[in-house]
Each structure stands twice: as C-alpha cells, then as structure tokens.
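J.: Take a look at the following structure, please.
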Amino acid sequence: MITNDIIRSIRGMYDCLPKDTFLWRYIEDTIKDILITYGYNEIRLPILEQTSLFNRAIGEGTDVVTKEMYSFLDRNGISLTLRPEGTAGCVRAGIEHGLFLNREQRLWYIGPMFRYERPQLGRYRQFHQLNVEVFGQQGPDIDFELIMMTYRWWRILGIDDHVSLELNSIGSLKTRFFYRKLLVDFLTPYLNNLDSDALRCFYSNPIRLLDTKNINLRNLLNDAPSLLDYLDENSRIHFSKLCQLLDFTDIKYKINPRLVRGLDYYNNTVFEWITDSLGSHETVCAGGRYDALVEQLGGKKTPAIGFALGLERLFLLLSKVKAIPVMNVFSRLDIYLMSLNELMKVKVILLAESIRDTLPSLRIIVNHGGGSLKKQFSRANKLGARVALVVGEKECLINSILIKNLDSGEQEILEENDLMIRLRSIFKL
Ligand code: ATP
Ligand code: MG
C-alpha cells in the first residue's frame, strides 16, 4: 500500500542543521588543535562491535549494558551492538593491532555513541563524544596532564567559569569488593526505604547508589562508610600526589567521595567536569583510570586512563553562556557572482574559478538559475555577501567586471588583473 505519511527521524536522534554546524566545527577544531599540541594521535574506530565486547568491558550489571544498548542480530545471527561508549572498542583495536606492546599511546577519537535512554535536553539516543585514551602510563602525572588539557579547552572556549572539577579515587578492585560488603551491610536495614530502581542497583551494583540523584537516599548515605577511608597504600599515594599536582595550579577542585562512574572498568582516579549552567547539575566530561581493562579483554597488562567529553552538552553550554563571534565570520559569504545571459554566465564561472586559484580562502558563490539583476542582488544580500561581481552587457563588451561593495555601496568597473588587486585589498589578503 502506498502512503504519503512523512517519515520522521528516530526518537532521541536529531539532525544537526547547517545553522548549528558552524559552532560544531568551531568546538571540534578548537579541541583537536589543542590535542595535537599535546602530542595526541587520532584513531578511527568502527561504530559496530560484537555485543560480547561491551558485556565484558563495561560490566553485565551496569545500566548501560542492561538497559541502554542497541543490540541486534546480523544476517549470520551474530549479536552486534552500536557502541554505547568508545573505550572498549579502542582497547579491542589496540590489542588487535599490537598498539600497546612496549609502547605508550596517546590517542583521541570522535564520533557518535548510542544509548537507549529517555531523551531530554542534553540526553539523546545518538550523541557524540570526543574521547581521549592514554595507554602505558601509570600516572598520576598523566592523570594530571589530562585534567590540565581539559582545563585548557575550557579556557580557550571561554567557559572555564561555568564548569567545575570533581575528583575521587575509587581504589582497586579488591578495595571496592571489600567496601561493597560494608555498603550492603549499611543499607540492608533500610531496604524498605529504597524504590525499585535503587533496589535493583542495590542487588546488581550497590556502589553506584553513591551518586544517586534521589534526595532521601542521598541523605541516608550521608552516614554510610566512605570508600576513601578504605583505599590501599598505592591508591592513597596515587590520589594524594594527583591532588598535590593540582594544588600547584589555579584549578579549583572538589573531592567528591560519592563520585563513582557508571562503567565497571574504572579504578583509582575518577573525575568529572560538571556544569550548573544547563539547568540541572550535568556532567560535561568524565573519565578515569582503567588499569585492568586491557588485560581483561585479552591483552598484556597495560596501565591506562581516559575520558569522554559529551559534545552535545558542551555545545548547549557554549550556545547558552557565550556569544560566539566566529559564527558570523563563518556564515558570511565573500563574493556573489552574477551575469545576464548564458554567454556571460560562462565568463562568470571561469572568473570564479580564477579567483579561487588566486585567492583560495574566499567563499564564493556563482548565481545559478538566472533571474533579473535585481533578483540576483537580493539573493546576494540574503546570503550576506560582502562583494557582488557582475558581468553585464557593457562589461562583456569592454572585457571587464563590475564590482560592488555591498557593505559600503561603492561600485566600479575593473579589468580582471585590477579586480584581483582590489579583492586583495577589500579582504585584506
Ligand atoms: P550520565 O550520568 O549523565 O548519564 P554517564 O555516566 O552515563 O552520564 P559517561 O558514560 O561517562 O556518562 O559519558 C561521558 C559523557 O558523555 C557524559 O558526561 C555526557 O556528557 C555524555 N553523555 C552520556 N550519555 C549521554 C546521552 N545519552 N546524551 C548526550 N550526552 C551523553
Ligand atoms: Mg548515563
């Protein structure tokens, strides 16, 4: 049956329209430029992986694995998953290609992630992260470097007043195993007070309850034992050295003993950059150490640390708190070329190509689809062009071009060579 119903995008997945891509490019380019100056290399990874990779890496009891993954069987009956996060795939690739063998790696990648969550402002089912991963470094100096690099991003983007750093150490697996029992013992008398979500978490991953948003539970947990009090010697030294390094800088950080991450693979340092400028308390960037993951996925034991920057939240934050002048620079057109008939049109197209050869940085559009000169001028204005170039009958006869500065209204007729000189001076090239 033929229907005329409009097909819409999938819930929680959005289209990034041209009005927004300038800001996206600005954010991405700023961040990438800084990554390069810190010596990081890009890696590009598939969006689809075997489901078992995420089950093993992220942890079977986590929200991401139990509730949020987009998994399906391919035509051979193999279970595949659209990546909900990047680290597992990056570690998989590193092991597969021997990237970690007696070598340090400082890597970054950017791209879409997929989680089946309830969509709302700043939370989507397809969202984008920029991830940074470092392999082969014990820290805490590298932990510090990563935090400093993120801080530089905020300063260059002009949002350092709108984000704050929270830091914690969740110790070793052994410590957490021990602490988990203490927390369970503490909470057991209060099970009747827990709602169904909290109860499920209590049985599957009780430590995650520490960062619950439920006020009653938060109050209850105020009296719970603190994981920080049970760190072993190594974790304690690691954490205090990191804090000492941060104390040399002007970064204000808060140690938040409740900060635990949603993925099971973290140990020792965990951190989040939080903002209150998006309405509620939101995490923009989050990460930590994951020293056991490479081995857990079949590689040689390799210390590692990484974090993910949520690009939608960064985008929202920048749009909200900062007027971005670059948008005008990007969205303006430099030159609009017009002509009156087919013969002149050929001249104009060739002229546009020759300007592109001589002055390659200019943004140039040639009028297509004809129309009166009046109509063509109005298109030029709509596109925000700074200069209009016209080849009319008179110009065609004397082999020259009319140039009109659309900002000042001045116009004159020039030969091609002089035109290039004039364009250089207008655009300061
Ligand atoms: P949250 O507590 O907000 O659900 P998370 O702990 O699940 O975050 P991570 O897995 O650490 O998030 O992902 C790192 C960053 O990616 C988050 O801090 C956030 O900025 C962004 N992020 C995570 N999930 C989403 C989503 N569904 N939509 C948009 N951004 C997201
Ligand atoms: Mg989440």
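The values are calculated or read from the model by the stated rules, or taken from the named source; none is laboratory data. All of these numbers come straight from a predicted model, not from anything done at the bench. Methodologically, a virtual Cβ is constructed for each residue, glycine included, from the backbone with ideal geometry; neighbour enumeration extends over all protein chains shown.
J.: Does LYS394 satisfy being in contact with a Ser or Thr (Cβ under 9 Å, 6 or more places away or on another chain) and touching a residue at least 24 places away in the same chain (Cβ under 8 Å)?
T.: Criteria not met by LYS394.
J.: Only one of ARG56, ARG103, ARG44 is within 15 Å of the chain's Cα centre (by Cα) and either under 30 Å from PHE202 (Cα atoms) or surrounded by fewer than 17 Cβ atoms within 10 Å (Cβ to Cβ) (or both); which?
T.: Every option except ARG44 fails the conditions.
J.: I'd like the residue in the range 107-157 that is under 26 Å from LYS300 (Cα atoms) and among the charged types (D, E, K, R) and, out of all such residues, is farthest from the chain's Cα centre (by Cα).
T.: ASP141
J.: A follow-up question, please. Looking only at helices (runs of 4 or more DSSP H) that fall completely inside the range 141-217, which ones have 1 or more residues that are outside the structural domain of LYS252 (by TED's automatic domain parsing) and of a type outside the set (A, V, I, L, M)?
T.: Qualifying helices (runs of 4 or more DSSP H): 173-187, 196-204.
J.: Related question: Among the residues of the range 247-281, what is the count of those that are under 19 Å from the mean Cα position of the chain (by Cα) and either outside the structural domain of ASN55 (by TED's automatic domain parsing) or more than 18 Å from ARG208 (Cβ to Cβ) (or both)?
T.: Total satisfying the criteria: 5.
J.: Looking at (1) over 22 Å from VAL134 (Cα atoms); (2) more than 16 Å from ligand 2 (Cβ to nearest atom), which is the one condition that is false for LEU45?
T.: Among (1) over 22 Å from VAL134 (Cα atoms); (2) more than 16 Å from ligand 2 (Cβ to nearest atom), the lone unmet condition for LEU45 is (1).
J.: In addition: Just to confirm my filter: which strands (runs of 3 or more DSSP E) fall fully inside the range 259-378 and include at least 3 residues that are out of contact with any His (no Cβ under 6 Å at 6 or more places or on another chain), more than 16 Å from ligand 2 (Cβ to nearest atom) and within 30 Å of PHE100 (Cβ to Cβ)?
T.: Result: 267-278, 304-310.
J.: Here is a further query. With the condition kept exactly as written, say whether any residue in the range 193-204 is within 17 Å of TYR266 (Cα to Cα) and touching a residue at least 24 places away in the same chain (Cβ under 8 Å).
T.: yes
J.: Then there's this: Out of the residues in the range 59-81 meeting the condition of being away from ligand 2 (no atom under 14 Å from the Cβ) and without any contact (Cβ under 8 Å) to a residue 24 or more places away in the chain, tell me which one is surrounded by the most Cβ atoms within 10 Å (Cβ to Cβ).
T.: So, considering only residues that are away from ligand 2 (no atom under 14 Å from the Cβ) and without any contact (Cβ under 8 Å) to a residue 24 or more places away in the chain, the one surrounded by the most Cβ atoms within 10 Å (Cβ to Cβ) is SER71.
J.: Sticking with this structure for a sec: Of everything in the range 185-217 that's among the basic types (Lys, Arg) and surrounded by 13 or more Cβ atoms within 10 Å (Cβ to Cβ), which residue is farthest from LEU259 (Cα to Cα)?
T.: Only one residue fits best here, namely ARG200.
J.: Ok, one more. For residues in the range 237-258 being part of a helix (DSSP H, G or I) and in contact (Cβ under 8 Å) with a residue 40 or more places away in the chain, which is nearest to PRO303 (Cα to Cα)?
T.: Top of the filtered list is HIS238.
J.: Taking the residues in the range 91-127 that are among the hydrophobic types (A, V, I, L, M, F, W, C) and away from ligand 1 (no atom under 14 Å from the Cβ) as candidates, determine which candidate is nearest to PRO46 (Cα to Cα).
T.: Ranking the candidates gives ALA93 first.
J.: For residues that are surrounded by fewer than 16 Cβ atoms within 10 Å (Cβ to Cβ) and either free of Cβ contacts under 8 Å to residues at least 12 places away in the same chain or of a type in the set (Gly, Ala, Ser) (or both), scanning just the range 124-159, find the one that is nearest to ASP15 (Cα to Cα).
T.: GLY158
J.: Of everything in the range 106-117 that's away from ligand 2 (no atom under 16 Å from the Cβ) and of a type in the set (A, V, I, L, M, F, W, C), which residue is surrounded by the most Cβ atoms within 10 Å (Cβ to Cβ)?
T.: The residue in question is TRP108.
J.: Does ALA286 meet the test of being modelled with pLDDT of 95 or more and more than 26 Å from LEU359 (Cα to Cα)?
T.: In short, yes.
J.: Of the residues GLN120, GLN129, which single one is within 16 Å of ligand 2 (Cβ to nearest atom), modelled with pLDDT of 95 or more and not small (Gly, Ala, Ser)?
T.: Result: GLN129 is the single residue among GLN120, GLN129 that is within 16 Å of ligand 2 (Cβ to nearest atom), modelled with pLDDT of 95 or more and not small (Gly, Ala, Ser).
J.: Let me ask something additional. Considering every residue within the range 281-303, establish whether at least one is within 23 Å of PHE114 (Cβ to Cβ), touching a Leu at 6+ places or on another chain (Cβ under 7 Å) and within 16 Å of ligand 1 (Cβ to nearest atom).
T.: yes
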